[in-house]
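I have placed the structure first, in the form of structure tokens, so that the comments after it can refer back to it.
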Amino acid sequence: METENSNRNILDARRSSIVVKDGCNGPGGGISCDSNSVSGSVSQRACVYCGARVVLNPITDAWHIVHGPIGCSSYTWDIRGSLTSGEDIYRNSFSTDLQETDIIFGGIRKLEAAVDELMEKEDNVKLIFIYATCIVGVIGDDVEALCKMKSEQYHIPVIPVKSPGFSGNKSTGYRMACDAIMNVLLPHKSEEKRTAINILGDFNLAGEMWIIKNYFREIGIDVISGFTGDTCYEDMIEAPKAALNIVQCAGSSTYLANRMEEEFGIPFIKVSFFGIEDTTNSLIRTAEALGNELARKKAVEFCRKKGEELENFLSRYRKNLEGKKAAIYVGGGFKAISLIRQFQAMGMETVVVGTQTGKKEDYEMIESLVKSDTIILDDANPAELETFMKEKGADILVGGVKERPLAYKLGIAFCDHNHERKFPLAGFEGVVNFTMEINKSINSPVWGYIS
Ligand code: SF4
């Protein structure tokens, strides 16, 4: 009886985060989002520490020390897939492996010993991040004071990342990571400006940062630094010289863009490199924002050619995909918006769409793109996703590693559009890979054996 009541309480508390387009609960703009998860609902979101790690981990020559129990540090490069063209220090994860006695008597000495050991054993350490996890938030080790002391002792940035898992939601972790990046950048504030950009919110998953940088090279726009895919300390500290920031993953990096605008006077625009339409718009808008007419003309011509090539390609696949129904559950709102457009271009309809960290304006845009009766949901839990995928007859779910078993259990096709993906899904190359993957998965003969 008690369980039944608590389930009902969870459902009631979640009601405002689930909207049916044009349904009786009013426009999707009224969705409740950007808040902490409902306790007990076990949502698909990761913790604050994981949010921070998403943003900081791809810095290729940074040393990441996780101050906490060993379990937290399992979240490393190998479950993300950011690629590097230089150092691969970031593929390691170091932990203070806190035990019971450390929790009773304090873990700060163990942390100090870890930093000292690292400095003793390794040459050329340029940057260390120290993550405070749940238990550190409980026992109250003064990680900030230790970082200050070690920065002074070793003359390198030793940056605290205040990320106890319980101290908010995944978005809080993004903000903590952005604050940590700002702590690296602030000593390098510069009056000198270059007609060049930084790319924020791209993590070089499967080499996507390289694809985007190639496009900018093609149209004659210089990129100073990428945050944080395939970046290194030396590139990062040049970033304050940029004339413009472009923000790809708005959920994780708009806060960093705002802070860079305040501190360094760098304006920003939000972009998306998923799908033909969004990639084209993003390249042209970047050139326009820089006031670079030559780059704008080159972008228009470059995108026209790519668009034509892809139109032929897409027309071959459309007959296999037309009329199929997609469910989308991804991290940020901008990606969900791009995916809805990509499915439209394939002749498919999105029937369920949700995000972990979408903002009110993202949900308003989502609602304007989908048809009536589409389910729009924020910070979903597995039970909700399963229920709505079945109810709406979804043929495929696009999500991340946590969503994969939900789809397969229901006999529904799946496409990984998260950090574990092995093929680039951004840019024009990404349109080819995405379309082929959706086609292969949705039209696989295996589904015939299940039903
Ligand atoms: S919730 Fe806490 S204990 Fe679990 S991974 Fe996150 S920081 Fe570590």
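Each reported figure results from applying straightforward, stated rules to the coordinates on display, with no laboratory input. Treat the numbers as computed from the prediction; the structure is a model and nothing was measured. Glycine gets a Cβ as well: all are built from the backbone with ideal geometry, and neighbour counts include every protein chain shown.
Rounded, prolate or oblate for segment 322-420? Axes are the square roots of the Cα gyration tensor eigenvalues, ordered a ≥ b ≥ c, and the cut-off for rounded is a/c under 1.5. Show your work: numbers first, answer last.
Numbers: a/c = 1.39, a/b = 1.15, b/c = 1.21.
Because its axes are fairly even, with a/c under 1.5, segment 322-420 counts as rounded.
Take peptides 168-178, 79-89 and line them up by average Cβ neighbours within 10 Å, highest first, as a rough protection proxy.
Numbers: 168-178: 24.5, 79-89: 16.7.
Sorting 168-178, 79-89 by mean packing, highest first, produces 168-178, 79-89.
Rounded, prolate or oblate: which one fits segment 48-184, using the alpha carbon gyration tensor with axes a ≥ b ≥ c (rounded when a/c is under 1.5, else prolate when a/b beats b/c, else oblate)?
Working: a/c = 1.45, a/b = 1.11, b/c = 1.30.
Taking the square roots of the gyration eigenvalues as a ≥ b ≥ c, segment 48-184 is rounded.
Relative contact order (percent) for segment 189-301, with alpha-carbon contacts under 8 angstrom and 6 or more residues of separation? Can you show the working numbers first?
Working: 187 pairs, mean separation 30.9, N = 113.
Relative contact order, segment 189-301: 27 percent.
Roughly how many whole Å is it from the C-alpha centroid of segment 70-115 to that of segment 238-300?
33 Å
For the chain, what does the helix formula give at 222 nm: sum of -39500 (n - 2.57) over DSSP H segments with n ≥ 4, over the residue count, nearest 500 deg cm²/dmol? Spell out each step's value before the answer.
Numbers: 18 runs with 212 residues, N = 451.
Computed mean residue ellipticity for the chain: -14500 deg cm²/dmol.
Each residue of segment 267-280 in order: what ³J(HN,Hα) in whole Hz does its phi give by Karplus 6.51 cos²θ - 1.76 cosθ + 1.60, θ = phi - 60°, with x for Gly and Pro?
x, 9, 10, 8, 9, 8, 10, 9, x, 5, 4, 5, 5, 4
Is the shape of segment 251-325 rounded, prolate or oblate, going by the alpha carbon gyration tensor and its root eigenvalues a ≥ b ≥ c, with a/c under 1.5 for rounded and a/b larger than b/c for prolate? All intermediate terms of the calculation are to be shown ahead of the outcome.
Details: a/c = 5.94, a/b = 1.69, b/c = 3.52.
Verdict is oblate for segment 251-325.
Counting C-alpha atoms alone, how compact is the chain: give Rg to one decimal and Dmax as a whole number, in angstrom.
My reading of the Cα-based Rg and Dmax gives 22.5, 69 Å.
Show me 332-341, 93-102 ranked by packing, highest mean number of other Cβ atoms within 10 Å first. Can you show the working numbers first?
Numbers: 332-341: 24.0, 93-102: 17.4.
The densest-packed peptide leads the list: 332-341, 93-102.
In terms of modelled amide H atoms, which long-range or inter-chain residues lie less than 5 Å from the amide H of GLY201?
PHE227, THR228, GLN248, CYS249
Check ASP61: other-chain or 5+ apart residues with amide H under 5 Å from its amide H, H built from backbone geometry?
Residues meeting the amide H criterion: TYR233.
Show the residues, 5+ positions off or on another chain, whose built amide H is closer than 5 Å to the amide H of LYS270.
VAL247
Students often check this: by mean Cβ neighbours within 10 Å, which of 390-397, 423-430, 262-269, 439-446 ranks highest, and how do the rest follow? Don't skip to the end; give the middle numbers.
Details: 390-397: 18.2, 423-430: 22.8, 262-269: 15.9, 439-446: 14.1.
Highest-to-lowest ranking by the protection proxy: 423-430, 390-397, 262-269, 439-446.
Give me ILE199, ILE70 ranked fewest to most by other Cβ atoms within 10 Å of their Cβ, as a rough exposure proxy.
Values: ILE199 27, ILE70 13.
Final ranking by Cβ density, sparse to dense: ILE70, ILE199.
Percent relative contact order of the chain, based on C-alpha pairs within less than 8 angstrom and at least six residues apart? Provide the component values of the computation, followed by the final result.
Values: 908 pairs, mean separation 79.8, N = 451.
Answer for the chain is 18 percent.
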